[in-house]
Structure formats: structure tokens, C-alpha cells
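Since the structure comes first, as C-alpha cells, the remarks are kept for the end.
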Amino acid sequence: MLQIIFNKVSAAEMSALPKELQLELLAEFEFLPEDIGALAHDRFGVVEREGRRLYRFRAKDYRIYFEVTPDSILVHRVLHKNTLRDFLFRSNLPLDEEDRELSKAGGFWKLIEEGEEKEK
């Protein structure tokens with residue numbers, strides 16, 4: 001059985017959303033880890049740095065950043081799409097380069113690490 005685990009930061013981000021929206025986002029987040037490679041690329045992206053791989057899943061106006069483990073999906077962040085789009089606009093990056101450029105962006109990884117630090 002696959003578990004979806006939210007760290008403290010992503011859980012707080014989800015709980016700040018209206019309950020109906022939370023349920024809608026979770027309803028769209030239905031897949032198995034082995035299915036990720038076969039899913040439509042318009043809803044998934046990959047962000048990598050130093051051998052670490054995070055996936056970006058687009059659900060409604062939100063982006064869910066997560067890691068796949070053998071028996072779970074660990075959700076690191078749940079961000080409104082404009083958060084990242086604003087970053088890309090300010091950085092003058094082409095939108096089709098989003099995942100590659102996010103891999104290089106220290107600010108993005110700081111968001112991810114922030115959630116991990118709160119777990120300790």
C-alpha cells in the first residue's frame with residue numbers, strides 16, 4: 001500500500017487551504033510511483049540536484065513537490081502556481097525551462113530544505 005506523507009511545512013500549506021480545495025487536490029494526486037514516467041508531461045516535472053530527484057505535480061492552480069520512496073510519496077511543498085511563475089518572471093527565464101532552471105535555483109532548494117529542518 002502506498003502512503004502519501006506530508007512533512008510539517010507541506011501539511012501546514014495544505015491545511016491553510018479551504019477543505020474542499022484540499023480534497024480536490026488530493027483527488028487529482030492519484031497515481032503509483034512506478035507510473036510517474038508514463039504520465040503526461042504537462043502535469044509532471046522533475047527537479048534534480050546532486051543526485052536528488054523531486055517531482056512537480058500540477059493540480060489545479062497548485063504545484064505539489066514530492067519525492068518517491070519505495071513505499072510512499074513524501075510531499076515537501078504545496079505552492080500556488082504564481083509563486084513559481086513569479087520567480088520565473090522576475091528571473092527572466094523561459095517557462096519551458098522551468099524544471100531545469102529550478103534545479104539550479106538555490107531559493108527553490110531552500111524551500112525544500114526548510115521543510116526538512118522542521119522535521120528534526
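Couple of notes before you dig in:
- Residue match in region 75-90 (condition: charged (D, E, K, R), surrounded by 18 or more Cβ atoms within 10 Å (Cβ to Cβ) and modelled with pLDDT of 80 or more): yes
- Residues of region 13-56 classified as of a type in the set (Phe, Trp, Tyr), in contact with a Leu (Cβ under 9 Å, 6 or more places away or on another chain) and either at pLDDT 75 or above or under 12 Å from residue 78 (Cβ atoms) (or both), total: 0
- Tallying residues that are crowded, with 19+ Cβ neighbours inside 10 Å and not aliphatic (A, V, I, L, M) within region 56-74 yields 6.
The values are calculated or read from the model by the stated rules, or taken from the named source; none is laboratory data. Predicted, not measured: the structure shown is a model, and the values here were computed from it. FYI the Cβ positions are ideal-geometry reconstructions off the backbone, even for glycines, and counts take in every protein chain you see.
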